[in-house]
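Q: Just passing along the structure, written as structure tokens.
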Amino acid sequence: MAYFAHLLSFLVLTTAHMFFFISPSHSIPSPPPPAKPPKVDLVLYYETLCPACADFVTTDLVKVFQTDLNTIVNFRLVPWGNAKVINGTIVCQHGEDECYLNTIDACIINAWPEVKKHFPFISCIEAENSAMQVKHSKDVEKSWRKCAHKLGFPQEPIDKCYNSGEGIKLSLRYGNETDRIIPPHEYVPWITVNDVPLRLVILDSHL
């Protein structure tokens, strides 16, 4: 999954550099400074107990926040992945524990909307669950509570969100968003750049 980091860097930097070539000509006296390039919309569609998603979040995506790339990216997390609603019940690819943790992530994002705030929390949870050899429901719950304590996040807003049913509503909204992706996602993690799947952007850049 490490190659994703290089592709993201290439894509974002290429997008940013475009605007330097369309800046005003130097022949114009006292040209205004070139406009700042618009931010790139980057969305990650993922599910919480997916090993590939966890690896991407903790190994590759974390690098975006360790560099200046985060200053030119509008980044969003969408915790749903391959989940489906069957007979009114959310069914997740990796079972009920994943549905639970998807909802916890939705509550975390809702409580702390700024990505620089909630991403370290979610990355910590992914790392904790990846480190477990055997996953039980109590361990999955323990993972996010451990990260909350470690990073100094209060647990009460998350508990309130989950226990009130608000978390399920948030999850269903993420599900609706995921279902509206065009073209539909084929796997997770699925990344879009300005609403275009990353792999298609990469293909277009080589045409």
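Q: Is region 40-197 best put as rounded, prolate or oblate by its Cα gyration tensor, with a ≥ b ≥ c the root eigenvalues, rounded for a/c under 1.5, and otherwise prolate when a/b is larger than b/c, oblate when not? Walk me through the numbers before you get to the answer.
A: Details: a/c = 1.40, a/b = 1.08, b/c = 1.29.
The shape class here is rounded.
Q: For region 127-189, which semi-axes, largest first and in whole Å, follow from the square roots of 5 times the eigenvalues of its Cα gyration tensor? Let's see the in-between values first.
A: On the way: eigenvalues 134, 68, 23 Å².
The three semi-axes for region 127-189 are 26, 19, 11 Å.
Q: Counting only the heavy atoms of the protein chains, how much of D41 is accessible to a 1.4 Å probe, in Å² to the nearest 10?
A: So the heavy atoms of D41 present about 70 Å² to solvent.
Q: Between beta-carbons, use under 12 Å as the cut-off and find the net charge around A111, counting Lys and Arg +1, Asp and Glu -1. If you can, show how the numbers build up before the last one.
A: Numbers: positive: K117, K160; negative: D105, E114, E156, D159, E166.
Local charge sum for A111: -3.
Q: In square angstrom, what is the accessible area per residue of region 50-207 with a 1.4 angstrom probe? Walk me through the numbers before you get to the answer.
A: On the way: 8390 Å² over 158 residues.
Accessible area per residue, region 50-207: 53 Å².
Q: On to the next question. Could you tell me what percent of the DSSP beta bridges with both partners in region 40-197 are antiparallel, to the nearest 5?
A: Bridges in region 40-197 are about 55 percent antiparallel.
Q: Further, regarding this structure: Leaving ligands, DNA and RNA out of it, work out the accessible area of R199 with a 1.4 Å probe and give it in Å² to the nearest 10.
A: My reading of the accessible area for R199 is about 90 Å².
The values are calculated or read from the model by the stated rules, or taken from the named source; none is laboratory data. The shown structure was predicted, so the numbers you read here are calculated from the model rather than taken from an experiment. Glycine gets a Cβ as well: all are built from the backbone with ideal geometry, and neighbour counts include every protein chain shown. Protein only, heavy atoms only, side chains kept; ligands, DNA and RNA dropped before computing areas. Shrake-Rupley method; radii C 1.70, N 1.55, O 1.52, S 1.80 Å.
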